[in-house]
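Participant: Below is the structure I would like to discuss, written out as structure tokens.
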Amino acid sequence: MNYFANKTVVVIGATGILGQLIALELRERGADVRLIVRSPDSVATGLRDLPYAVADIKERGEVAAAFAAISNGQSVDGIINCTGVVAFGGFSELSDEVARELMAVNALGVINVISLATTSLNPEGFLASFTGVAADMAILGMGAYCASKAAAKMAMGVAARELRREKIRVLDIRAPHIETGLITRALEGTAPRMPEGLAPQAVIERVLEAIATGEKDLPAEAFTA
């Protein structure tokens, strides 16, 4: 049975590696895929025929307007949030601007997506978001990043309880380091040496399996190299 066939799924952050791969895989599995992106010029060639709208994840009004534009005001079956930014350096080293951006995208952005999900998902629908293993760790030189992800994890945990009465599943994805190249695009600072990360395709296949089979949490140990 193909769980995603004919389901309408909105992918937020569909210009990143994970977002692109998830959108492509969902379409391959027969889903009706819609995209919310920050930069329309960055939409992959293979996805440009899909409905998409532009929004900054930090702005709740923009996210709501973009969702309305691609869904024609109708509820959907699933939302997958693939947005996120990273920065490196001790607390005293990060600029105020970057510290705010980390919290705004990684924490406030997730709260904005949760707010959207509470009013825009069909019963039995799902909300999934990539929080990452940093939410469960305290890493020197990555304190602000870990804090932003920990806030997102807490928000997702509360959302899971709030949406349970609507039979909407909330899946917090706390995968280990993934080879998406994100660390080379840090807002600030230089990444410490890291072991080789997981292959993006393997991660998204594991995530889609978890959604299809009704899993409710995806901590780091749920993934294998």
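Participant: Out of contact with any strand residue (DSSP E or B) (no Cβ under 9 Å at 6 or more places or on another chain) and not polar (S, T, N, Q): which single residue out of A144, A160, A135 fits that description?
Facilitator: Only one candidate qualifies: A144.
Participant: Any residue that is at pLDDT 95 or above and either buried (at least 20 other Cβ atoms within 10 Å of the Cβ) or outside any helix (DSSP H, G or I) (or both) - is there at least one of those in the range 37-46?
Facilitator: yes
Participant: Restricting attention to the range 170-183, which residues are surrounded by fewer than 18 Cβ atoms within 10 Å (Cβ to Cβ) and either closer than 19 Å to L218 by Cα or among the acidic types (D, E) (or both)?
Facilitator: Passing the criteria: H177, E179.
Participant: To continue, here is another question. Could you run through the range 170-197 and say how many residues are within 17 Å of G84 (Cα to Cα) and outside any loop (DSSP other than H, G, I, E, B)?
Facilitator: Total satisfying the criteria: 8.
Participant: Take N112 and decide whether it is under 26 Å from E209 (Cα atoms), not in a helix (DSSP H, G or I) and not acidic (D, E).
Facilitator: Working: under 26 Å from E209 (Cα atoms): yes; not in a helix (DSSP H, G or I): no; not acidic (D, E): yes.
No; evaluated as a whole, the condition is false for this residue.
Participant: Taking P195 and the conditions (1) more than 28 Å from A66 (Cβ to Cβ); (2) in contact with a helix residue (DSSP H, G or I) (Cβ under 9 Å, 6 or more places away or on another chain), which numbered condition does it fall short on, given that it satisfies the others?
Facilitator: (2)
Participant: How about the range 168-181: which of its residues are β-branched (V, I, T) and touching a Lys or Arg at 6+ places or on another chain (Cβ under 8 Å)?
Facilitator: If the condition is that a residue be β-branched (V, I, T) and touching a Lys or Arg at 6+ places or on another chain (Cβ under 8 Å), then V170 is the only one that fits.
Participant: Looking at V33, V63, can you tell me which residue is touching a residue at least 40 places away in the same chain (Cβ under 8 Å) and either crowded, with 17+ Cβ neighbours inside 10 Å or not in a strand (DSSP E or B) (or both)?
Facilitator: Checking each option against the conditions leaves just V63.
Participant: Looking at (1) under 29 Å from R193 (Cα atoms); (2) assigned to a helix (DSSP H, G or I); (3) among the hydroxyl-bearing types (S, T, Y), can you tell me which one T119 breaks?
Facilitator: Condition not satisfied by T119: (1).
Participant: Provide a single number: the residues in the range 141-169 that are in a helix (DSSP H, G or I), of a type in the set (D, E, K, R) and surrounded by 18 or more Cβ atoms within 10 Å (Cβ to Cβ).
Facilitator: Looking only at that region, the number is 2.
Participant: Kindly indicate whether any position in the range 155-167 is modelled with pLDDT of 95 or more, closer than 19 Å to I22 by Cβ and in contact with a Lys or Arg (Cβ under 9 Å, 6 or more places away or on another chain).
Facilitator: no
Participant: Right, next: Would you tally the residues in the range 184-215 being buried (at least 17 other Cβ atoms within 10 Å of the Cβ), under 16 Å from the mean Cα position of the chain (by Cα) and either closer than 16 Å to F88 by Cα or not aliphatic (A, V, I, L, M) (or both)?
Facilitator: 2
The values are calculated or read from the model by the stated rules, or taken from the named source; none is laboratory data. Quick caveat: nothing in here was measured; it's all calculated off a predicted structure. Note: ideal-geometry Cβ built from the backbone for every residue, glycine included; neighbour counts use all protein chains shown.
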